[in-house]
Amino acid sequence: MAKPKLTFYRQKRVDGGIRTGVEWLESSLLQHFEPGDDDDSSLLWYIDLRFSGSRLPKGPDDVRDWLMKQKPWLGKALNNGAKDLEVGVDADVLPYLRNCREAPPGIVLTLAASAQRRVPALEIGEAVGQIGRDWTELVESLEPLAVE
């Protein structure tokens, strides 16, 4: 499996907070955070869309537009991944990995999902499907991270 160049991620915390973001070459680039009820930042689950290949954006400035253009085939890939996970994921065999055949030539996508407890593990399929249904809103919500 090729090392991802671009990773779109979504993470749910114990306190109900949800972080969505993009990493470019393993550096955080874009992010959106919906705060939870308290300060327990332990993860309940995460979902990664790990992209690699020759047809990725040429630089970090193009990432948001590129992600938006992937919606047609990506929605199908996430829907199929959600179907695979309808009954959840085994919390002892982690992470779930799916090489998405729906990707066009020049793009390799691996869907990775993991949950830390039994109940969130049973809900992971719905969370994967929700990413596909909310793709436009999720990508539009991402803000550049401040460079220090």
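The values are calculated or read from the model by the stated rules, or taken from the named source; none is laboratory data. All values reported here derive from a predicted model rather than from experimental measurement. We place every Cβ from the backbone using ideal geometry, glycine too, and count neighbours over all the protein chains shown.
Closer than 20 Å to E137 by Cβ, of a type in the set (D, E, K, R) and surrounded by fewer than 17 Cβ atoms within 10 Å (Cβ to Cβ): does that describe K58? Answer is no for this residue.
Out of the range 14-34, which residues are out of contact with any strand residue (DSSP E or B) (no Cβ under 9 Å at 6 or more places or on another chain) and of a type outside the set (D, E)? Break it down into steps so the answer makes sense when it comes.
If we filter the range 14-34 for residues that are out of contact with any strand residue (DSSP E or B) (no Cβ under 9 Å at 6 or more places or on another chain), which is where we start, we get 15, 27.
Within the range 14-34, S27 is the sole residue that qualifies.
Check whether at least one residue in the range 53-60 is closer than 18 Å to L145 by Cβ and either at pLDDT 95 or above or of a type in the set (D, E, K, R) (or both), and report yes or no. Within the range 53-60, not a single residue is closer than 18 Å to L145 by Cβ and either at pLDDT 95 or above or of a type in the set (D, E, K, R) (or both). For R13, the conditions (1) surrounded by 20 or more Cβ atoms within 10 Å (Cβ to Cβ); (2) closer than 20 Å to L74 by Cβ all hold with the exception of (2). Please verify whether W24 is over 17 Å from S141 (Cβ atoms), aromatic (F, W, Y) and modelled with pLDDT under 95, treating the condition exactly as stated. Spelling it out, W24 is indeed over 17 Å from S141 (Cβ atoms), aromatic (F, W, Y) and modelled with pLDDT under 95.
Just to be sure before I move on: is K69 within 17 Å of L142 (Cβ to Cβ), without any contact (Cβ under 8 Å) to a residue 24 or more places away in the chain, among the basic types (K, R) and surrounded by fewer than 18 Cβ atoms within 10 Å (Cβ to Cβ) in the structure I sent? It is true that K69 is within 17 Å of L142 (Cβ to Cβ), without any contact (Cβ under 8 Å) to a residue 24 or more places away in the chain, among the basic types (K, R) and surrounded by fewer than 18 Cβ atoms within 10 Å (Cβ to Cβ). Please determine, by comparing only the residues of the range 101-119 that are modelled with pLDDT of 85 or more, assigned to a loop (DSSP other than H, G, I, E, B) and not acidic (D, E), which one is nearest to K5 (Cα to Cα). Per the criteria, the residue is I107.
Each row is one residue, and each column tells you yes or no for (1) modelled with pLDDT under 95; (2) among the polar types (S, T, N, Q); (3) touching a strand residue (DSSP E or B) at 6+ places or on another chain (Cβ under 9 Å).
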position: N80; (1), (2), (3): yes, yes, yes
position: Y96; (1), (2), (3): yes, no, yes
position: N99; (1), (2), (3): yes, yes, yes
position: A121; (1), (2), (3): yes, no, yes
position: E126; (1), (2), (3): yes, no, no
position: L145; (1), (2), (3): yes, no, yes
